[in-house]
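Trainee: One structure, as structure tokens, below. Some questions next.
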Amino acid sequence: QVQLVESGGGLVQPGGSLRLSCAVSGVIFRVDDMGWFRQAPGKQRELVASITRAGTTNYTDSVKGRFTISRDNAKNTMYLQMNGLKPEDTAVYYCNANLFLSRVFWGQGTQVTVSP
């Protein structure tokens, strides 16, 4: 069974950094496009950053210059390096992966809290 396991969330002060990881495991042929979403209280889930299998990246405007998405295809793992964190970054962050035959999977979410 395919699983997406996220790690790296936590509590940091404004200006701090966190590195999120998402590992895809199970019976898979390949992992295509991946992305990080987040959902804060009172808001809908939004796309934070995405990355294609070839490495093309895209970011929502609010995180440009602060976050970096990357992936290691050999490990089927995606990362999100978050620097200069702000209180408005507080949310549950979800890993998303599109697998062979257009199958879509989600991680369980990892909490990121930015608080003074």
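Trainee: With θ set to phi - 60° and the Karplus curve 6.51 cos²θ - 1.76 cosθ + 1.60, what are the ³J(HN,Hα) couplings of segment 50-55 in order, to the nearest whole Hz, using x for Gly and Pro?
Mentor: With the stated coefficients, segment 50-55 comes to 9, 8, 7, 4, 6, x Hz.
Trainee: When the chain is treated as a GNM, springs tying every alpha-carbon pair under 10 Å, which of Gly15, Gly42, Gly84 comes out with the largest mean-square fluctuation?
Mentor: Its mean-square fluctuation being the largest, the pick is Gly42.
Trainee: Also, quick follow-up: Which residue, Val63, Val48, Val27, has the most motion in a Gaussian network model of the chain that connects Cα atoms within less than 10 Å?
Mentor: Per the Cα network of the chain with a 10 Å cutoff, Val27 tops the list.
Trainee: Suppose the chain between Arg53 and Ser17 were pulled fully straight at 0.36 nm per residue; how much longer would it get relative to their current alpha carbon spacing?
Mentor: 10.4 nm is the gain from fully extending Arg53 to Ser17.
Trainee: So, in nm, how far is label Val104 from label Lys64 when the simple model puts each one 7 Å beyond its Cα toward the Cβ?
Mentor: For Val104 paired with Lys64, the spin-label model returns 2.5 nm.
Trainee: How large is the accessible surface of Ser25 in square angstrom, using a 1.4 angstrom probe and rounding to the nearest 10?
Mentor: The accessible area of Ser25 comes to roughly 50 Å².
Trainee: Continuing with the same structure: Please return the longest stretch of the chain lacking exposed loop sites, where trypsin sites (Lys or Arg not before Pro) count only if DSSP places them in a loop and at most 12 other Cβ atoms lie within 10 Å.
Mentor: No qualifying site falls inside 76-116, the longest such stretch.
Trainee: Please identify, among Ile51, Ile69, Ile28, the residue showing maximal mean-square fluctuation in a Gaussian network model of the chain using a 10 angstrom Cα cutoff.
Mentor: For the chain, modelled as a Gaussian network with Cα springs under 10 Å, the answer is Ile28.
Trainee: Using the Karplus curve 6.51 cos²θ - 1.76 cosθ + 1.60 with θ = phi - 60°, work out ³J(HN,Hα) for each residue of segment 98-112 in order, rounded to whole Hz, and write x for Gly and Pro.
Mentor: Along segment 98-112, the couplings run 9, 9, 3, 6, 6, 7, 10, 10, 10, x, 7, x, 9, 7, 10 Hz.
The values are calculated or read from the model by the stated rules, or taken from the named source; none is laboratory data. Because the structure is predicted, anything quoted here is derived from the model rather than measured. FYI the Cβ positions are ideal-geometry reconstructions off the backbone, even for glycines, and counts take in every protein chain you see. We work out accessible area using only protein heavy atoms, side chains counted, and drop any ligands, DNA or RNA first. Shrake-Rupley method; radii C 1.70, N 1.55, O 1.52, S 1.80 Å.
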